[in-house]
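Take a look at the structure set out below.
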């Protein structure tokens, strides 16, 4: 299982990164590569194409419907609908919160019927109900954000150890909560948002700080922590410093194009 960071800027695209988007890929027992996109925030569709053909994506999961996590589905719709080579063989499944199909149609000023449903097979995320895509098993959990939002726990085949399974936890956008702790338990890699700074951002129920991300990693006993969703005005070094105050394991900052092999 490989995680490629497509975009890691929080709340809006930054000068060096699109907004939130991550590509997960894994091979099944027949050596067929499965590709799943976690979030598709504004600016992400362009660099995504450097890593996978848009027609070859096997599924998209949207953690929530804020623009920095879903808006480039509009461009994806155009790319599929007007591809000169013709339509893809089958619609691409898109899992999201309730009302995703209608919201995305409205975002592109389409009538709700058919909206984007001829290109995408929209499906609704259910809290604690697994989604299986090829060799990847994905558990969504409703997390602590002002809108309906989900984090994901992904189990997939190990790239380094054939026959073994590895686990990725992705917080989506959340403040501390029992559900994100459950998702993160003993994960090989925790991809955690850290949009807030201690002392500066005091509103609760929206985002984690670097410290709270580190506390989550320590409490869940994860093997490594990757900090993401940092707004362009944040000091990344301060975010890492905050996280190191609580978690003694490996800590990295998400970087566009970086590949994490599990």
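Touching a residue at least 24 places away in the same chain (Cβ under 8 Å), surrounded by fewer than 19 Cβ atoms within 10 Å (Cβ to Cβ) and over 17 Å from residue 8 (Cβ atoms) - does that describe any residue in region 161-175? The answer is no; no qualifying residue exists. Within region 232-251, the residues that satisfy the criterion of being touching a strand residue (DSSP E or B) at 6+ places or on another chain (Cβ under 9 Å) and crowded, with 17+ Cβ neighbours inside 10 Å are 234, 239, 240, 242, 243, 247, 251.
Candidates in region 69-95 are the residues that are assigned to a loop (DSSP other than H, G, I, E, B) and in contact with a helix residue (DSSP H, G or I) (Cβ under 6 Å, 6 or more places away or on another chain); of these, the one that is nearest to residue 35 (Cα to Cα) is 88.
Those strands (runs of 3 or more DSSP E) of region 96-143 in which at least 1 residues are farther than 30 Å from residue 162 by Cβ, considering only elements entirely within it, cover 120-124, 136-142. In the set (1) in a strand (DSSP E or B); (2) within 19 Å of residue 138 (Cα to Cα); (3) touching a helix residue (DSSP H, G or I) at 6+ places or on another chain (Cβ under 8 Å), residue 227 fails one condition alone, (2).
What residue, of 91, 141, is surrounded by fewer than 19 Cβ atoms within 10 Å (Cβ to Cβ) and either modelled with pLDDT of 95 or more or more than 19 Å from the chain's Cα centre (by Cα) (or both)?
Numbers: 141 fails: surrounded by fewer than 19 Cβ atoms within 10 Å (Cβ to Cβ).
Going through 91, 141 in turn, just one is surrounded by fewer than 19 Cβ atoms within 10 Å (Cβ to Cβ) and either modelled with pLDDT of 95 or more or more than 19 Å from the chain's Cα centre (by Cα) (or both): 91.
The sole residue among 154, 131, 147 that is touching a residue at least 24 places away in the same chain (Cβ under 8 Å) and surrounded by 20 or more Cβ atoms within 10 Å (Cβ to Cβ) is 154.
Listed by first and then second residue, the pairs linking a residue in region 71-100 that is more than 15 Å from residue 131 (Cβ to Cβ) to a residue that is at pLDDT below 95 and surrounded by 12 or more Cβ atoms within 10 Å (Cβ to Cβ), with Cβ atoms under 9 Å apart and 6 or more places separating them unless they lie on different chains, are 80/87; 80/88; 81/87.
The values are calculated or read from the model by the stated rules, or taken from the named source; none is laboratory data. Just so you know, these numbers come straight off a predicted model, no measurement behind them. Neighbour counts run over all protein chains shown; Cβ positions are idealised from the backbone, glycine included.
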